[in-house]
1. Grab the Cα-Cα distance for residue 47 and residue 169, subtract it from 0.36 nm times how many residues apart they are, and report the gain in nm with one decimal.
2. Taking the convex hull of the alpha carbon atoms in the range 163-271, what volume per residue do you get, in Å³?
3. With only alpha-carbon atoms in the gyration tensor, what are the semi-axes of the equivalent ellipsoid for the range 274-424, in Å, largest first?
4. So which residue, out of 414, 127, 206, gets the largest mean-square fluctuation from a GNM of the chain using Cα contacts under 10 Å as springs?
5. Evaluate E = 1/(1 + (r/R0)^6) for residue 78 and residue 187, where r is the Cβ-Cβ distance and R0 equals 35 Å; express this FRET efficiency to the nearest 0.05.
6. Can you list the lysines whose alpha carbon is less than 17 Å from that of residue 233, not counting same-chain residues fewer than 8 positions off?
7. Note down the nm distance, to one decimal, between modelled labels 7 Å out along Cα→Cβ at residue 236 and at residue 159.
8. Considering only 305, 333, 370, give the residue with the highest GNM mean-square fluctuation for the chain, with springs between Cα atoms whenever their separation is below 10 Å.
Amino acid sequence: MAAVTEPTVPTAPIVPSSTGSSTAANVTAANANAADANATAANTYRLTEDQQMLRDAVRVLADEQIAPRAAEIDRTGEFPQDVRALLASHDIFGLPFPEAYGGLGVPLLTICLAIEQISRACATSGLMLAVQELGSLPLLLAGSHDQRQRWFPSLASGERLIAFALTEAEAGSDVSAIRTSAGRDGDDYILSGSKRFISQGSVADLITVFAVTDPMGARTKRLSCFVVEVPTKGFSVARIEHKMGLRGSPTAELVFDQVRVPSANRIGAEGDGFELAMRTLDRSRPGIAAQAVGIAQGALDVAVAYAGQRKQFGQRIGDFQMIGAMLADMDAATEAARQLLYKACTEIEAGSPDASRWSAMCKLVAGDAAMRVTTDAVQVLGGYGYIDEFPVERMMRDAKITQLYEGTQQIQRLVIARDLLGKGS
């Protein structure tokens, strides 16, 4: 891979200060004039100086301290606690959380910049921040002050990890088919059921769980959302999946056998779970798009470096028109996905009524780009691309999941089409 010429990683936390003309200060100022702020955010997404500094610093951190671990993480399939500690020590887990609760309170675009740069080196490691945001989003969107005060400081510091438990064996794309139940028992709920394909479910300290509280209710009013603190009586990890990619990120099947959950752990009102899950995905899907863009960029970097050094027939293979054209297409696809992601982040942050569409579009385009670019990277490297001497075969395996989780590409297309047809009706 080509050498990186970014600035040296600072020993202190790499996130820029929230004083002066920082992103946080800009957001505060924008809140004083919401109409102007929304108009500005909807029309531009040029990175601020702070965002560029964070992007560059995270890239150096990833290249110097995470990339050397990526192959071993993939080979062993073990959750990288050392990378978790590294991200925590640089305040990266604090990005999604408000300053009032010990976080940094940065915009969605800034979070995605960090996910992108980490994923460029190691998709498993990039997923840590994405899942920390995903699991916390229900609390960010609908949690009470007491709930945020109780859980956010330890999540922002990285002391605790959180997982998001929505999917079940028979309830993947069809969230309304969830069977896990939560019945009232005095001031508590009794949670029973199981969840499948839960990212980091076996290493999380908190789990955001969606369960049926009104079996006879309307399709969108049956569910409620709870925070379950683990370990707890009745909770167990049934198994860890053996996966094609993201092997260092445990994907777990979780069992809740008469787990007692205090009513104080319910997020929002009873019956708000479905709406809360959909709002969560609107804000979390850009994180997966960022992971996909990072994977694509990482593969492109390797392919360009290889094509510039490998010689056949007396010249660099990159000088052959067919290889050069592949590299050009890979670059264009990666940059197009990146720009759509950045635009989507600003639209969602500004409260666009089309947030669902923007979220779905950026994940759709980025996921497909990552799969195509990594596959082409393997092709550029030929036989070397197919073995683990180079990272592109791992990147290709990792890329596939970005077309599947947090809604398949087919679901993203349905979301986009329904938005378009709804406008025309």
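Since every read-out is calculated from the coordinates, none of them should be taken as a lab result. What you see is a predicted model; the values in this text were computed from it and never measured. All Cβ positions, glycine included, derive from the backbone under ideal geometry; neighbour counts span all protein chains shown.
1. The span from residue 47 to residue 169 would gain 39.8 nm if fully extended.
2. 94 Å³
3. 34, 14, 11
4. It is 414.
5. For R0 = 35 Å, the calculated efficiency reads 0.30.
6. 195
7. According to this spin-label approximation, the distance is 3.1 nm.
8. In the Gaussian network model the winner is 305.
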